[in-house]
1. Determine which single condition THR65 fails, assuming it passes every other condition in (1) out of contact with any strand residue (DSSP E or B) (no Cβ under 8 Å at 6 or more places or on another chain); (2) in a helix (DSSP H, G or I); (3) under 20 Å from ASN196 (Cβ atoms).
2. Please enumerate the residues belonging to the range 94-109 that are open to solvent by 30 Å² or more (accessible area, probe 1.4 Å), out of contact with any Ser or Thr (no Cβ under 9 Å at 6 or more places or on another chain) and either in a loop (DSSP other than H, G, I, E, B) or of a type in the set (A, V, I, L, M, F, W, C) (or both).
3. When you go through (1) over 27 Å from SER8 (Cα atoms); (2) open to solvent by 10 Å² or more (accessible area, probe 1.4 Å); (3) outside any loop (DSSP other than H, G, I, E, B) one by one for ILE158, which number turns out not to apply?
4. Given the options SER140, SER96, name the one that is touching a residue at least 60 places away in the same chain (Cβ under 8 Å), under 24 Å from LYS189 (Cα atoms) and of a type in the set (Gly, Ala, Ser).
5. Scan (1) over 16 Å from VAL16 (Cα atoms); (2) surrounded by fewer than 22 Cβ atoms within 10 Å (Cβ to Cβ) for the single condition GLY201 breaks and write down its number.
6. Report, by residue number, each residue of the range 164-181 that is open to solvent by 20 Å² or more (accessible area, probe 1.4 Å) and either under 17 Å from ARG135 (Cβ atoms) or more than 16 Å from the chain's Cα centre (by Cα) (or both).
7. Does LEU88 fit the bill of being modelled with pLDDT of 95 or more and either under 20 Å from the mean Cα position of the chain (by Cα) or within 18 Å of TYR159 (Cβ to Cβ) (or both)?
8. Can you name the residue in the range 1-46 that is within 21 Å of VAL184 (Cβ to Cβ) and not in a loop (DSSP other than H, G, I, E, B) and, of all such residues, is least open to solvent (accessible area, probe 1.4 Å)?
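The values are calculated or read from the model by the stated rules, or taken from the named source; none is laboratory data. Owing to the predicted nature of the structure, the values given are computational and were not obtained by experimental measurement. Here the Cβ positions follow ideal geometry from the backbone for every residue, glycine too, while neighbour counts run over all protein chains shown. For the accessible areas, the whole protein counts, side chains as well, though only heavy atoms, and no ligand, DNA or RNA atoms are used. Shrake-Rupley method; radii C 1.70, N 1.55, O 1.52, S 1.80 Å.
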Amino acid sequence: VPSWLIASCPHFTREVYGINFTHDIYVHISGIDLIRGEDGTFYILEDNLRTPSGVSYMLENREVTKRLFPDLVNTSQVRMVNNYPLMLHSILLSLSPRPVRDPVAVILTPGIYNSAYYEHTFLARQMGIPLVEGRDLVVSNHKVFMKTTQGLQQVDVIYRRVDDEFLDPITFNPGSILGVAGLVGAYRKGNVAIVNAIGNGVADDKAVY
């Protein structure tokens, strides 16, 4: 892939050049769109590698399907999907840059007016982790903390559902009120893991793909 093509991507983020991502993982969660051809062959239409959404609808749809067609699900050997939140939670905790017994993971949401807010609340409930907005977090000494009634609590992993350009008003869009000032600095220092990695937009760019 030529470098000029990468640099021309609308989601290319020069600001994160040189950052060593936690465990060298860029894509923690991928939303892969599949289509089926006339001959029955499956094809990958695209990868969504920035802030993929939709898994909550799959989980809820399965529950409805099981109620409406219990015999069909049982006799067709349909593989279960209800363990997804448990697997996701385990993955998030494993990404903690701190070697602590109980890492703190949160879901960062743009707020109630986001079209996928239902999913954000659904996953937070299923995993038992805090759902936070940018105003609930603060960066101090290149570390991210969550405001709680007991004081500040350090955050190890952020499952972000906020687009790159709104994550940090210091580094990206200065008018953003959705992100956390100084977040990229803490990210660069390796004090917090962000899921998915900032800059993944070059990987699901249509020209690169």
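1. All conditions pass for THR65, except number (3).
2. Within the range 94-109, ARG98, PRO99, VAL100, ARG101, ASP102 qualify.
3. It fails just one condition, (2).
4. SER96
5. Going through (1) over 16 Å from VAL16 (Cα atoms); (2) surrounded by fewer than 22 Cβ atoms within 10 Å (Cβ to Cβ) one by one, GLY201 breaks only (1).
6. Within the range 164-181, PHE166, PRO169, ILE170, THR171, PHE172, ASN173, PRO174, GLY175, ILE177, LEU178, ALA181 qualify.
7. Criteria met by LEU88.
8. The extreme case among them is VAL16.
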